[in-house]
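Quick note: the coordinates plus some simple rules give every number you see, no bench work behind them. Being a predicted model, the structure only gives us computed values, none of them experimental. Here the Cβ positions follow ideal geometry from the backbone for every residue, glycine too, while neighbour counts run over all protein chains shown.
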Amino acid sequence: MSLLVNIVLLSFLVIMAIAVLRIKNLLAMAMLFGLYSLLVAGLFVVLDAPDVAFTEAAVGTGISTVLMLVTIASVRDSHEVENKGRNSSLALLLSVVMGVALMYGIHDIAELGDPTAPAHTQVAARFIESGQAETGVPNLVTAVLASYRGFDTLGEVTVVLTAGLGILLLLLRSEKPRVKGKKKDAG
Amino acid sequence: MMDYIIGHINYWLIIAVMMVGMFTLMSRTNMIKKLAGLSIFQTAVILFYVSLGKVEDGTAPIVAEGFSTYSNPLPQVLMLTAIVVGVATTAVGFALVIRIKEAYNTIEEDEIRELDAKS
């Protein structure tokens, strides 16, 4: 039953990704991208990952879409230029080849939900067995995030801080170098 | 054969989404759309990892009475980190797009290349 929901949601996801690829209006693309993230959050719930679903719904659907809208608003350019002369067959070929290679690569991976898969029998089994006793947190995701892999989370905070500093430095620079071009309003 | 398809169709569809994202990234010249393609690629990878942690008849990894089978918490934790880091790096990308627009007055990659060739 959950597999059926899974497949329906994933098909919607493929359609949404193709819609993002094809649509020319960037504002509409931002909305479609928000829908895409929401579908991903729904899939996480079906895959028994409510914590990841919360994060995706808040960060992916919310913040990402808002950032995209802010960018589109501040570049004042909501239409993609049609490029008739551009040849994208090499990109298509590369994508197809890589897709086929990946599908070949996962052919002997453990089937979806197989409880005997190596991924479930090693370190994760220990987390599930003694996670609550050792950390006192019933939510094992929180236990692993904050206790067993606390340094990972510290590293994540470092990355977010660096990204924030980078954005501030990029956007708050007072002198704005311009490249003079053929466009009449450039510079 | 049927079991093989049922066990793998999830992964195949995720790979299809991933490749649509990669094609968007490579074939479009608009930078905002490129970043959207990159984000799609990234969420597909995250989805792949989380689906590796799914256990049949399992429940969300929150310890409670009456449940003994839980999904694997480890991929979920790693992907929580990846989502936040991914949005942070995408935000840097958007800031760069805004600066490129200020400097070149366009966000189309081939127009920027033309301007660079002239100067």
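Numbers below:
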quantity: Global form of segment A:117-174, assessed from the alpha-carbon gyration tensor, a/c cut-off 1.5; calculated: prolate
quantity: At least 18 Å along the helix axis (C-alpha) and Kyte average at least -1.0, DSSP helices within chain B; calculated: B:2-27, B:31-52, B:73-104
quantity: Approximate spin-label separation A:Val70-A:Glu111, in nm, with each point projected 7 Å along Cα-to-Cβ; calculated: 4.7
quantity: Chain B, helix-only ellipticity at 222 nm - DSSP H runs n ≥ 4, -39,500 (n - 2.57), divided by all residues, nearest 500; calculated: -26500 deg cm²/dmol
quantity: Between segment A:44-84 and segment B:1-61, the alpha-carbon center distance in angstrom; calculated: 16
quantity: Residue order, fewest to most surrounding Cβ atoms within 10 angstrom, among A:Arg76, A:Arg173; calculated: A:Arg76, A:Arg173
quantity: Global form of segment A:64-181, assessed from the alpha-carbon gyration tensor, a/c cut-off 1.5; calculated: oblate
quantity: Taking B:Arg28, A:Arg86 and counting other C-beta atoms within 10 Å, the order from fewest to most; calculated: A:Arg86, B:Arg28
quantity: Two-site FRET efficiency, A:Ser78 against A:Ser174, from Cβ-Cβ distance with R₀ of 30 Å, rounded to 0.05; calculated: 0.65
quantity: DSSP H segments from chain A that extend 27 Å or more along their own axis, Cα-based, with Kyte-Doolittle mean of 1.0 or above; calculated: A:2-22, A:26-46, A:150-171
quantity: Overall form of segment B:2-118 per C-alpha gyration tensor (a/c, 1.5; a/b vs b/c); calculated: oblate
quantity: Normalised contact order of chain B, rounded percent, pairs of Cα under 8 Å and 6 or more residues apart; calculated: 23
quantity: Length released on extending from A:Val8 to A:Ala58, taking residue separation times 0.36 nm less the Cα-Cα span; calculated: 15.7 nm
quantity: Fully extended contour minus Cα-Cα distance, from A:Val160 to A:Lys24, at 0.36 nm per residue; calculated: 45.8 nm
quantity: Cut-off 12 Å between beta-carbons: net charge of the residues surrounding A:Ala49, Lys and Arg +1, Asp and Glu -1; calculated: -2
quantity: Over segment A:1-126, relative contact order from alpha-carbon pairs under 8 Å, at least 6 apart, %; calculated: 21
